[in-house]
Every structure is written in structure tokens, then in C-alpha cells.
Amino acid sequence: MFLLPRTRRQKSEGAIYHVMIRSITEVPLFEKHEDKIRYLNKMREYQKQYGFKVYAYCLMTNHGHFIIDSNGADISKIMQGQNLSYAINFNKINKRRGPLFQDRFKSKIVDTQ
């Protein structure tokens, strides 16, 4: 069996990204309003640490969308830390184990022209 490598993520210093996250099928990421607040508060902490900007976001029950200006920061480090931290906290609160996110986050560079 051969495993194909992942497609390399497009990155550009100072780029603006459309970032998408999705939960595994049977688990709602943001079932309660408190879940959304917890995710956004954690994102504020990462904003202070990495200096990126969030221009817009939309959080639904099983997924979320963000428009993020990386401001020179590594989008992979931002989202990996954000989602790992949220998953650990979510699992602890909900007394569950295992993955919370379907896959690594998706991102596309937004054309600002």
C-alpha cells in the first residue's frame, strides 16, 4: 500500500487566508454558545501571541470559517495550536477521548486584487 503525501499548503508571508475547520462527523464542535465563546477566547490569546488579525468568522455547529491576515505569522502554527488546545479542553469538558477535528484545517490564500 502506498500513501500519497499531503498537498503542500500554500503560504505567503503577510497573506490573507480563508481558513476552514470541520469536526468529525458525529461530534458537534460548537453545540453550545459557550463552546463558541471558548474557541474565540482562545483565538484572542493566539492573536496576542502571534499578531495576526481576524477580519471575519462564522461558527456553525460542525464547522467554522475565518478570514485571517497572518501578518507574517505562520498560519499552520496558529491553527495547530488553536485547534489542539480547543480539542483538549473540549474532550476534558465533555468526558470524551479521541480526535475532534476531521482533518487538519483547510486554507486558501484570498486574492485581494
For this session: Output the residues belonging to region 61-113 that are under 15 Å from ARG38 (Cα atoms) and over 13 Å from the mean Cα position of the chain (by Cα).
Result: THR61, ILE88, ASN89, PHE90, ASN91, LYS92, ILE93, ASN94
Problem set entry | For TYR55: the one exception among (1) farther than 14 Å from PHE105 by Cβ; (2) of a type in the set (Phe, Trp, Tyr); (3) touching a helix residue (DSSP H, G or I) at 6+ places or on another chain (Cβ under 7 Å); (4) modelled with pLDDT of 95 or more | (3)
Problem set entry | Those residues of region 79-113 which are farther than 21 Å from ARG44 by Cα and polar (S, T, N, Q), in sequence order | ASN94, GLN102, THR112, GLN113
Problem set entry | Unique match (being out of contact with any strand residue (DSSP E or B) (no Cβ under 8 Å at 6 or more places or on another chain) and within 18 Å of ARG22 (Cβ to Cβ)) among ASN41, ASN94 | ASN94
Seminar exercise, completed: Restricting region 22-38 to residues that are charged (D, E, K, R) and within 10 Å of LEU100 (Cα to Cα), the one farthest from the chain's Cα centre (by Cα) turns out to be GLU26
For this session: With a cut-off of at least 3 residues that are exposed (fewer than 13 other Cβ atoms within 10 Å of the Cβ) and without any contact (Cβ under 8 Å) to a residue 60 or more places away in the chain, name the strands (runs of 3 or more DSSP E) lying wholly within region 5-113.
Result: 53-59
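The values are calculated or read from the model by the stated rules, or taken from the named source; none is laboratory data. This is a predicted model, so every value here is computed, not measured. Every residue, glycine among them, receives a Cβ derived from its backbone with ideal geometry; neighbour counts consider all protein chains shown.
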